[in-house]
1. Which of the following residues is of a type in the set (A, V, I, L, M, F, W, C), crowded, with 22+ Cβ neighbours inside 10 Å and within 10 Å of the ligand (Cβ to nearest atom): V183, V169?
2. Given the residues D376, D343, which is the only one that is part of a loop (DSSP other than H, G, I, E, B), over 26 Å from L66 (Cα atoms) and among the acidic types (D, E)?
3. If a residue has to be under 10 Å from A206 (Cα atoms) and in a strand (DSSP E or B) to count, how many in the stretch 142-166 make the cut?
4. Scan the stretch 120-149 residue by residue and report those that are exposed (fewer than 15 other Cβ atoms within 10 Å of the Cβ) and either of a type in the set (A, V, I, L, M, F, W, C) or in contact (Cβ under 8 Å) with a residue 40 or more places away in the chain (or both).
5. Any residue at all in the stretch 88-100 that's at pLDDT 95 or above, surrounded by 15 or more Cβ atoms within 10 Å (Cβ to Cβ), out of contact with any Ser or Thr (no Cβ under 6 Å at 6 or more places or on another chain) and in a helix (DSSP H, G or I)?
6. Which of the residues that make up the stretch 186-200 are surrounded by fewer than 16 Cβ atoms within 10 Å (Cβ to Cβ) and free of Cβ contacts under 8 Å to residues at least 60 places away in the same chain?
7. Would you point out which residue out of A322, A316 is small (G, A, S), surrounded by fewer than 15 Cβ atoms within 10 Å (Cβ to Cβ) and in a helix (DSSP H, G or I)?
8. Whether any residue in the stretch 280-287 is surrounded by fewer than 16 Cβ atoms within 10 Å (Cβ to Cβ), in contact (Cβ under 8 Å) with a residue 24 or more places away in the chain and of a type in the set (V, I, T) is what I want to check.
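The values are calculated or read from the model by the stated rules, or taken from the named source; none is laboratory data. Only a predicted model underlies this, so the values are computations on that prediction, with no experimental measurement involved. Reconstructed Cβ throughout: ideal geometry from the backbone, glycine too, with neighbour counts over all protein chains shown.
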Amino acid sequence: MTITTRFAPSPTGSLHVGNVRTALHNWLWARKHGGRFLLRIDDTDLERSKEEYVDAIRADLAWLGLDVDGEERQSARFALYEAEFAKLQAAGRVYACYETSEELDIRRKVLLSRGLPPVYERKPEGAPVPAGVAPHWRFRLDHDAPILWTDMVRGPQHFEPKTMSDPVVRRADGSWLYLLLSVIDDIAMGISHVVRGEDHVSNTAAQIQMFEALRAEPPIFAHEALLVGTEGKLSKRLGSLGMASLREAGIEPIALVALLARLGTSDPVEPVTDTALLVEGIDFGRFGRAPARFDEAELALLNQKILHQTDHAAVADRLPAAITPARWNAIRPNLATVAEAADWVQVFDGPLAPPAADEADRAVIAAAAAAAPAIDWGSDPWHALTNAVKAGTGAKGRALFLPLRRALTGRDHGPDMAELLPLIAKEQAVARLAVD
Ligand code: GLU
């Protein structure tokens, strides 16, 4: 069996971290098994679907490195839907309904007031059909067949179709609801695994009977617990947190991928620089049932950890030319984002304004200025410099290192000076020390 998964967003908005997580798990699963990962654009809502969102979805997936093996659009598949619908109609598995939404509402309330579950009541065979009303269509659940499946995340699932309403699959104006179309597509595209949020569990129960009614084996399902914010529910902010804002905040795609791959699972989040380990490790059996908590601060920290291991080659196209591989290696432990690397160009190549120094510091700097010209910059100039100053002034520890760091870099903090100083040209360093 070829493993085939799909990510099926509706292009009615941009992707947020919750959808991206679903896309990622589908992608990881397909890649782990050498299978296919499809992008299915659920654009049957012609009014709300926008081409710009389709483009944004493609761009976001590409940015994240989730390459797709094919793209399908539901809006191009109406002929297939008609044909499959006709088969179900002929088999009596879809039927026309004439109730208005007001009528349905009243019936629901009556049932609830009697303490009964608000399940749709089918009209008896031969009930009168109102004239001049276009029907909507429901799928007839088979009440005699309990619905069973083994979910990769949730384990054995059991639904009694008698307790479920026959789902509406087509509106009176002929437009389609998602439920049946998704089944028709999953069959046509040979989807072997459906990975999606647990908000779809009851849809799955109805869809399993649709697969059977269309004489297809249902795929294997994995319903993952939802993503929530640190405050415990899917906040508005998280629900709208798009890739553009993360990109602007300097988040690397691999950091988001590394976090979302493992969040809510019993595997630790690891600062990986590529997806190999995540692909190898994806295991729905290790996904928890409790909501996964997404914390932007955790993402920022992970981003930082990943940057500290990221090679120059991987980010070179986003770095100023002055940030050479050696300079990158020196500064990366101090970076929270790649963009911050640009701030270090001045530290390496100037110009730097000499920082104010008190008398004791000035003595240290003067001693360094005197020693620097004779130092061989090619072999560990920092130790040569500090040894000379220590010998000349008796300064040591912080009183020795801090004034020199300040004079040479204009900053109180930064990378190891032994690594940094050889990357500042000797003339620059000598000039920075010669302040008085
Ligand atoms: N378009 C549906 C949604 O975004 C797809 C759900 C599914 O994966 O089947 O909810």
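1. On the way: V169 fails: within 10 Å of the ligand (Cβ to nearest atom).
Step by step, each of V183, V169 is checked, and only V183 is of a type in the set (A, V, I, L, M, F, W, C), crowded, with 22+ Cβ neighbours inside 10 Å and within 10 Å of the ligand (Cβ to nearest atom).
2. On the way: D343 fails: part of a loop (DSSP other than H, G, I, E, B).
Answer to the selection: D376.
3. Of the residues in that region, 2 qualify.
4. Within the stretch 120-149, A127, V129, A131, V133, A134, D142, A145, L148 qualify.
5. yes
6. Result: D199, single match.
7. Details: A322 fails: in a helix (DSSP H, G or I).
Every option except A316 fails the conditions.
8. The first filter runs over the stretch 280-287 and keeps only residues surrounded by fewer than 16 Cβ atoms within 10 Å (Cβ to Cβ), leaving 280, 283, 285-286.
If we keep only those that are in contact (Cβ under 8 Å) with a residue 24 or more places away in the chain as well, we get 280, 285.
So of that shortlist, the ones also of a type in the set (V, I, T) come out as none.
Checking the stretch 280-287: not a single residue is surrounded by fewer than 16 Cβ atoms within 10 Å (Cβ to Cβ), in contact (Cβ under 8 Å) with a residue 24 or more places away in the chain and of a type in the set (V, I, T).
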